[in-house]
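Accompanying notes for the structure given below.
Values quoted throughout were computed directly from the atomic coordinates according to the rules given, and no laboratory measurement underlies them. The structure presented is a predicted model; accordingly, all values stated were derived computationally and were not measured. Counting neighbours? That spans all protein chains shown, and the Cβs are built from the backbone with ideal geometry, glycine included.
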Amino acid sequence: MQPDSAVLLAVLAIPFVGAALVPLVHRVLGERTAYYAATIAALCSGLLISQYERWGTVTVEWIPALDVSLVLYLDGLAFLIGLLASGIGVLVFIYSGGYMHGEPGQAKYYTTLLVFMGSMLGVALVVDLLSLFVFWELTSVASFLLIGHYQRADRSLYASRKAMFITVSGGLFMLIGFLLLGHISSFVLDGSTFTLIGTEQSLIGIPGEVTHAEAIRHELVERGLFVPVIGLIAIGAATKSAQIPFHIWLPDAMEAPTPVSAFLHSATMVKAGVYLIGRFRPLFVPEHVFAAEVWTWLFVGLGLATMTIAAMLAVSATDIKELLAYSTASHLGLIVAGFGFAETVGAETGAFHILNHAAFKATLFLVAGIIAHEAGTRSIDALGGLRHDMPIVAAITAVASLSMAGIPPFNGFYSKELLFDAAWETAHHFGGLTWLLPVVAVFGSIFTFLYSIRFLWLFFGDRPTELGEIHRPPLAMLLPAGVLAIIVLVLSLGAAPIAHDFVNPIVKSSLIATPEGYHFSVHLPHALKPPVLMSVVTIAGGIAMYPFYDRLHHGIRRLRSIALLSPNQYYDRGITGIAHVSDVVPRYVQTDLMRTYAAVVMSAVSVFALGGYLLGGTGTDLTEAVSGVNLALPITIILAVAVVGALAVDRAPSHIAGVLTLSILGFTVAVFYVLASAPDLALTQLVIETLVLVLFLLVLDRLPAFYGELRRGRAILDGLIASGVGLTVTITVLVTTAADPSDGIAHFFVEKAPVPAEHGTLITDAGGGNNIVNVILVDFRALDTMGEISVVAMAALAILTLIGMRNRGERA
Amino acid sequence: MSSNNQTTVIVRTVVRSVVPIIVLVAIGLLLQGHNFPGGGFIGGVLTVTAFALVYITYGAEYLSQNLLGISDGSVARRETQDVLDPDEAFFSGTVGRYSAVFGLGLALAAGGGLGAIAFGEPFLSQAVLYFDHIPVFGVIELASALIFDLGVYFVVVGSLLTILAVVGNE
């Protein structure tokens, strides 16, 4: 059954409309705006759920003239990401009602958060790559605003800039990849398309019916674009999903209010990257297993490296949110690696872990927010024994962090098991060095286990004496965390049926075709297979190493402090370098001297125009063009006077003489127009020349008395530029006048402009005027004139603003 | 402008007699533009030339207060008084009135174009009412394009006067 187009469009539109209304609502409701936003999120998720299992495509004509249409596609993966965005949105908005109590800028906060939710739904539902890109960057912008929520704090400014810089520039790489794909598609399909999936003429096709993936891949390889396209898309996904070495923005992003961290930087926005990988997987990973080597090595390498390194960094963290941030990067690495493995179990890993991770990590972030809010500190060393003060929170944390550690029977265990399975199978198939894959996976998982237990330990052990009185959290904050913990529990205990029914379509979204009779299923292990053994090693290793946690913590910190190993160092130095360049460039480009600008513009125009003629040819024979010019005697005389006037300008001893001789030039041109039977042009030229002369008189006494000494070198340079411009204009005029266009349009104007011989009282099909030039201006080409007078008005406004604002002391 | 005291009697006398003629010619060019050389742009620039002459000879204050403040039948005056934006200090005063003129011009041009839509024609379509054999006049032609041309005229006058006033203040 196809999804209902009105409902899907409503899901996209409601958050944006809701966001636009926030400023008004905030005036009425004040801090209770949180519940308004939660209602909107609930509405969206309700609408989305109503479309469950109605997989299919909705195409909405947007700009039919340009063949642009909005293509929405609903399948398991899109549904999951959309549900995360709206469902976790509900909980986060409720939580914000408690957390943001008394905080500044709430209207802005909820507006941005709703815009973010809408854009995230857009990322999930839209499969037109260009629209996808727009929504993708919108999430980056929203994230920028939310990280920088505390506008006065230097750290949040730094963090928001960093996140913006990394994710947006990554998005630009991705855009290039999209454009290349669109270009390639024109060789395979009827015309180029940016639709990824779901229509006849899309890059992947309609799953189960039409597939173009094979042909597109072939075309990409033929043209040597296969690796570049995957690489470009990978950069987009890696920056968004905080993969090594682009992970550095995520820990800094923790400057944002904690609900934002829970929502954007663990459950949804950072999932956009892995979503993209999952979405593109059917295009690049063929049906038969182990076939997509480039894809596999790129994403498995990226994912496992991120998973391991970020897990180690999490162990070195001193702040609970920093720990969770690195842990998020690490788990995203796990998902990326899962999607990387070119077999069914890889897709299973990615799909299932997106769900699991969103559930337990959002819970833990909300817990972190509660701790920071109630205990007043986020330092790991300063916290301990919190179970006495917050027993319910302790229970919630236990569920979520055991799931994160991958301990059976919690849900995190299942997806980790799937990863081990995929790594083992791949190593078994390729042999040799690939045996490192399962080893690295286990190694990284041990660190995951370690920091998960460390987080849980905040609630156990001794309570530090310096920890002050801790209040119970308000219900608005406790409830969402509790709901999420229950979801984790449900996912854990009901893993088998949920995987069978709910996750199965999600897995299928990332597969080009499913084997006969395939159905995704998970169950607790009942035999000692290699993946089970790997889990045993992970947990045993973790327990064995936990007593040395502090030593590991300090050891990794020492490693981190080596400047060469720190991507942050490179980032900071790069930014400083760029800022330095921006300081230096204006010194040469923006000299505040008219002569520099004029010289650059004029010579550029000449060089490009002449270069174009040289390379592309002029289409006419120049000598013929010159010989084709025949001037009547009066015109020759007038032009000769103009030349004399031009020479006189150069020799003029004073300003007044200069202006007057310049006017000779202008007026002779007007006479030339008269002789060439162009009275309108002549009139315009005369009038403008007069006005300019009058205006010159106005400013004449303000100009310096003489121009200063002229250096010989500069004079020669100016002379060269002037000759170049003269040459360019001359050639252009010769070429354009020699190219005799078919004069159909002229005949049309001559016929249509005047009052026709036979006519009624009201004439609408002709111009009705004898002055063709004016009729063209006000009737036939009135829209052009409209644009021109708008420009004139705009110029006046610009001058008014520039001069008016100059003394306002506004400095960037 | 300081040149107030520097201009000679000759200049003042000539300008005084020439400016009305210029304005009349400008309006004439504007109105005959449909059938003879002329039109909104040329008429507008010529009108501004007249104002610029007054400005140079008698100064900005004379232009805005004495000339445009009194009823001397000048074209720009009536329009500038109708449209005023006193709220914004930025647009207030003489400059504000000048800039209101080009706003009015844009509104005239676009509004005239919108009128065509009301009759089911595309935006900016023009029509002509043509009356033949009228006694005394012979032929009378009413072109909707004149509204558009008037818009062009006001935009040019308003913009150039704004620029003149703003830059002249410096």
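Counting pairs of alpha carbon atoms under 8 Å apart in space and at least six apart in sequence, what relative contact order in percent does region A:482-615 give? So the answer I get is 13 percent.
Taking chain A as the reference, fit the longest principal axis to its C-alpha atoms, fit the long axis of helix A:213-222 to the helix C-alpha atoms, and give the angle between the two in degrees, 0 to 90, nearest 10. Taking the Cα atoms of chain A, the angle to A:213-222 is about 60 degrees.
Could you tell me the center-to-center distance, by alpha carbons, between region A:536-575 and region A:458-512 in angstrom? Their Cα centres are 26 Å away from one another.
Can you sort A:Tyr597, A:Tyr150 by how many other beta carbons sit within 10 Å, fewest first?
Fewest-to-most Cβ neighbours within 10 Å comes out as A:Tyr597, A:Tyr150.
For region A:599-657, the C-alpha radius of gyration sits at 1.65 times the compact-globule guess of 2.2 N^0.38 Å, with N the residue count. Cβ-Cβ distance of A:Leu720 and A:Val750, R₀ of 45 Å, FRET efficiency by 1/(1 + (r/R0)^6): the value works out to about 0.50.
Extension gain for A:Leu559 to A:Ser50 (0.36 nm times residue separation, less C-alpha to C-alpha distance): 178.1 nm. Between the Cα long axis of helix A:633-651 and the first principal axis of chain A there is an angle of about 60°, rounded to the nearest 10. The Cα atoms of region A:1-284 give a gyration tensor whose axes a ≥ b ≥ c have a/c of 1.5 or more with a/b no greater than b/c, which makes the shape oblate. Note down the net charge around B:Leu46, summing +1 for each Lys or Arg and -1 for each Asp or Glu among other residues with Cβ under 15 Å from its Cβ. Result for the local shell: -3. Once the C-beta distance of A:Asn770 and B:Ile134 is scaled by a Förster radius of 22 Å, the resulting FRET efficiency is 0.75 to the nearest 0.05. When only the Cβ of Lys, Arg, Asp and Glu is charged (+1, +1, -1, -1), the dipole of region A:592-745 relative to its Cα centre reaches about 580 debye. Of the Cα atoms belonging to the protein assembly as shown, the radius of gyration and Dmax stand at 37.1, 114 Å.
Run the dipole for chain A about the Cα centre, Lys and Arg Cβ at +1, Asp and Glu Cβ at -1, nothing else charged, and hand back the magnitude in debye, nearest 20.
2800 debye
For A:Trp424, A:Trp297, what ranking results if the residue with the fewest other Cβ atoms within 10 Å of its Cβ goes first?
If I rank by nearby Cβ atoms, fewest first, I get A:Trp297, A:Trp424.
Placing a pseudo-label 7 Å from each Cα along the Cα-to-Cβ vector at B:Leu24 and A:His429 gives an inter-label distance of 9.6 nm. Once the chain from A:Ile803 to A:Asp701 is taken as fully extended at 0.36 nm per residue, the excess over their C-alpha distance is 34.6 nm.
State the answer as a single residue: which of A:His212, A:Phe672, A:Ala441 lies farthest towards the positive end of the charge dipole of chain A, with beta carbon charges of +1 for Lys and Arg and -1 for Asp and Glu, about the Cα centre. The residue sitting farthest along the positive end of the dipole is A:Ala441.
Computed over neighbours whose Cβ is under 15 Å from that of A:Leu593, the net charge equals +2, Lys and Arg +1, Asp and Glu -1. Dividing the mean sequence gap of close Cα pairs (under 8 Å, 6+ apart) by how many residues chain A holds gives a relative contact order of 9 percent. Output the relative contact order of region A:592-745, whole-number percent, from Cα pairs under 8 angstrom with separation of 6+ residues. Reported relative contact order: 32 percent.
The separation of region A:293-362 from region B:140-165, counted between C-alpha centres, amounts to 66 Å.
The simple spin-label model puts a point 7 Å past each Cα toward its Cβ; for B:Leu114 and A:Phe460 those points are separated by 7.3 nm. Evaluate E = 1/(1 + (r/R0)^6) for A:Val641 and B:Leu142, where r is the Cβ-Cβ distance and R0 equals 51 Å; express this FRET efficiency to the nearest 0.05. Once rounded, the FRET efficiency stands at 0.70.
Using the Cα coordinates of region A:592-745, the gyration tensor eigenvalues translate into equivalent-ellipsoid semi-axes of 30, 24, 14 Å, sorted from longest to shortest. Loop-only check: which GluC sites (Glu not before Pro) in region A:1-93 are DSSP coil with at most 16 other Cβ within 10 angstrom? For GluC sites (Glu not before Pro) across region A:1-93 that sit outside H, G, I, E and B with at most 16 neighbouring Cβ atoms in 10 Å, the list reads A:Glu53.
Only counting other Cβ atoms within 10 Å, I'd like A:Lys108, A:Lys240 sorted with the fewest neighbours first.
Lowest to highest Cβ neighbour count: A:Lys108, A:Lys240.
Kindly flag which residue pairs out of A:Lys240/A:Lys416; A:Lys361/A:Lys529; A:Lys321/A:Lys529; A:Lys108/A:Lys162; A:Lys108/A:Lys416; A:Lys108/A:Lys321 have an alpha-carbon separation exceeding 32 Å in this structure. Long pairs (Cα-Cα over 32 Å): A:Lys321/A:Lys529; A:Lys108/A:Lys416. How large is the helix-only mean residue ellipticity at 222 nm for chain A, computed as the sum of -39500 (n - 2.57) over DSSP H runs with n ≥ 4, divided by its residue count, in deg cm²/dmol to the nearest 500? The helix contribution divided over chain A gives -23000 deg cm²/dmol. Taking label points 7 Å from Cα along the Cα-to-Cβ direction, B:Glu61 and A:Ala10 give a separation of 6.8 nm. Selection among A:Ala682, A:Leu662, A:Gly617 by position relative to the dipole of region A:592-745 gives A:Leu662 as farthest towards the positive end (Cβ unit charges, Cα centre).
For the pair A:Val692 and A:Ala648 in one chain, pulling the backbone fully straight at 0.36 nm per residue adds 14.0 nm over the alpha carbon distance. A simple count of charges around A:Leu175, restricted to other residues whose Cβ falls under 15 Å of its Cβ and scoring Lys, Arg +1 and Asp, Glu -1, yields -1. Between 0 and 90 degrees, the angle of helix A:712-738 with respect to the longest Cα principal axis of chain A falls at about 80 degrees.
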